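A.B. asks: Structure below; questions to follow.
The values are calculated or read from the model by the stated rules, or taken from the named source; none is laboratory data. Fair warning: this is a prediction, and the values are worked out from it, not measured in the lab. Glycine also receives a Cβ, built like all others from the backbone with ideal geometry; neighbour counts cover every protein chain displayed. With ligands, DNA and RNA removed, areas are computed over all heavy atoms of the protein, side chains included. Shrake-Rupley method; radii C 1.70, N 1.55, O 1.52, S 1.80 Å.
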Amino acid sequence: MAKDKISAREIALETIYGVHKGDGYANLLLPNALGKSNLPKRDKAFVTELVYGTLRHEGTLDWIIARYSSRDLGKIPLQALDILRLGCYQIFYTRVAPHAICNESTELAKKLFHKGIASFTNGLLRNIIRKKDNLPWPDYKEDPVSYISLKYSHPKWLVEMWIEDFGLEETKQLCKANNRRPHVSIRANNLKTSRDNLYKTLSNEGIRVDKSKIVPEGIVIAETGEISALPQFKEGLFFVQDESSMTVSHVLNPREGETILDLCAAPGGKATHIAELMNNKGKIIAVDVHSNRLNLIKDNADRLGIEILETIQDDGTKLKSKITEPIDRILIDAPCSGLGVLARRPDARWRKSLDQIEELSILQSDLLKTAASLVKAGGVIVYSVCTITHQEGIEVIEGFLQSNPEFVLDDAVKYLSKTMQNGEPYKWVQLLPHKHGTDGLFIARMVRSK
């Protein structure tokens, strides 16, 4: 089929099916698919809504489809099920006319399957449209877990865990926030410009921007096209980074002339931020196990004009023999479940499990053990994870402190802006999407006393 003949819904289906069939990631597949298309801007926005919306609400959509389908979901061909999910999403979450949804979905089924699948698709979606206002949603008071899971489309195990950690109402608000469209923020590179100058430049070019209230170099962008296409990006005047991630480098609080170790550095967002805070004076050792990801760090450093960054390809848990100099501060932005960035990665919520969290907590503890053996007396370790689980956050830190009494938990909150010092009675930081308007992130800061 010619490129210019592919419809918005076909591209959406192709992307969703790619996520399910090949275990791909929407944030990688979708830009590639849109880049190959000739769709106008408005249609590209429609495709984006369909893809992210369908994947985000997949659990709820499957529940609805299963209630009215004459076939078990496991017996429906995967791509045909994705057509149904796509149609069902439009029925419940968009203003697309019902007859258009049925017609377009049936046409997709006709192109890809035999007549029987097309008729099944048409009949099922029409039945759902007729009964959409009478769905038997769980009662919030009697079964809050099922209610939140279906109304806000999160796995039950995740809802149960968050209720235990944060309480019922907090969990409800958190799940709601995960379904909102996240904003984009950038970090002004103080080696080449100031936030004020960058803000004025972007504003003058008609880009809707606001200054971050959370970090001094942050700028929130309302709407723009491909950010990497902006001349200011190519000139190295900014780095695309969420406000929550920017707070980590401030908690580390690096100083000019110090030697900093970043144990899990790729793609270099925090390492380059640290270099900027150090005014490009000192030394940063960036470690990652993958050589191609180290190349991303180098590319970003070159674009930003950073000269103090060195890279080492190695496993951060097996690094001791390669570090022979005193380390002033260590950052561990550890691999984690990523449950703090579900708004940006809507398909991720269906890929996670408790078993994965348990495995990751072991790796996180091993990284801390390595850091403890490398940082000098009086030095600092900052641990961060972009997730919202106690098991990967404070429980990892408590276990580390029990095994390493020479380390003391410092007050991480005092390194943040006054707007973030909201009276929480803890020394660690737990950013939450519904409270702070950022990605979810945990940060702890520890000082070696001897």
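A.B. asks: Could you give me the percent of Cα pairs per 5 Å distance bin for the stretch 145-193, shortest bin first, beginning at zero and ending with the bin that holds the maximum distance?
C.D. replies: 5, 21, 24, 13, 8, 7, 7, 6, 7, 3, 0
A.B. asks: For a 20 Å ceiling on Cα separation, which of these pairs sit above it: Lys211/Lys435; Lys298/Lys376; Lys131/Lys176; Lys200/Lys414; Lys132/Lys352?
C.D. replies: Correct reply: Lys298/Lys376; Lys131/Lys176; Lys200/Lys414; Lys132/Lys352.
A.B. asks: Taking the alpha carbon gyration tensor of the stretch 114-160, what are the square roots of 5 times its eigenvalues, largest first, to the nearest whole Å?
C.D. replies: The answer is 30, 14, 6 Å, longest axis first.
A.B. asks: Please calculate how many Å² of accessible area the stretch 1-156 carries per residue, with a 1.4 Å probe and no DNA, RNA or ligand atoms counted.
C.D. replies: 51 Å²
A.B. asks: At 7 Å along the Cα-to-beta-carbon direction for both Arg126 and Glu310, put a label point, then send me their distance in nm to one decimal.
C.D. replies: Spacing of the two 7 Å Cα→Cβ label points: 7.2 nm.
A.B. asks: A further question on this structure: Just the number, please: percent antiparallel of the DSSP beta bridges in the stretch 316-450, rounded to the nearest 5.
C.D. replies: Beta bridges within the stretch 316-450, antiparallel portion: roughly 70 percent.
A.B. asks: Mind checking the full-extension length gain between Lys414 and Leu296? Use 0.36 nm per residue of separation minus the Cα-Cα distance, one decimal, nm.
C.D. replies: 39.3 nm
A.B. asks: Count charges around Val380 for me, please; just the other residues with Cβ under 12 Å from its Cβ, Lys/Arg as +1, Asp/Glu as -1.
C.D. replies: +2
A.B. asks: Express in whole angstrom the spacing between the alpha-carbon centres of the stretch 249-299 and the stretch 309-335.
C.D. replies: Centre-to-centre (Cα) distance: 10 Å.
A.B. asks: A follow-up question, please. Assuming a ≥ b ≥ c are the square roots of the Cα gyration tensor eigenvalues, decide whether the stretch 213-254 counts as rounded (a/c under 1.5), prolate (otherwise, with a/b larger than b/c) or oblate.
C.D. replies: It is prolate, given that a/c is not under 1.5 and a/b is the larger ratio.
A.B. asks: A further question on this structure: How large is the accessible surface per residue of the stretch 328-415, computed with a 1.4 Å probe and reported in Å² as a whole number?
C.D. replies: 37 Å²
A.B. asks: Let me understand the chain better: what is its radius of gyration from the alpha carbons, and its Dmax, in angstrom?
C.D. replies: Just the Cα atoms of the chain yield Rg and Dmax of 23.9, 74 Å.
A.B. asks: How high is the FRET efficiency from Leu78 to Phe233, r the C-beta distance, R0 60 Å, rounded to 0.05?
C.D. replies: The pair Leu78/Phe233 has a calculated efficiency of 0.95.
A.B. asks: A follow-up question, please. Hey, rough spin-label estimate for Ile6 and Tyr426, points 7 angstrom out along Cα→Cβ, what's it come to in nanometres?
C.D. replies: Label at Ile6, label at Tyr426, 4.4 nm between them.
A.B. asks: Quickly estimate the mean residue ellipticity at 222 nm for the chain, helices only: each DSSP H run with n ≥ 4 gives -39500 (n - 2.57), and the total goes over all residues, rounded to 500.
C.D. replies: Dividing the helical sum by the residues of the chain leaves -14500 deg cm²/dmol.
A.B. asks: How much of the accessible area of the chain, in percent, comes from carbon and sulfur atoms when a 1.4 Å probe is used? Don't jump to the answer; show the numbers that get you there.
C.D. replies: Values: 9760 of 20550 Å².
Ligands and nucleic acids excluded, carbon and sulfur give 47 percent.
A.B. asks: Set Lys and Arg Cβ to +1 and Asp and Glu Cβ to -1, take the dipole of the chain about its Cα centre, and tell me which of Val51, Ile330, Ile362 lies farthest positive.
C.D. replies: Farthest towards the positive pole: Val51.
A.B. asks: Over the stretch 275-325, average the accessible area per residue using a 1.4 Å probe and give it in Å², no decimals.
C.D. replies: About 52 Å² of surface per residue is accessible.
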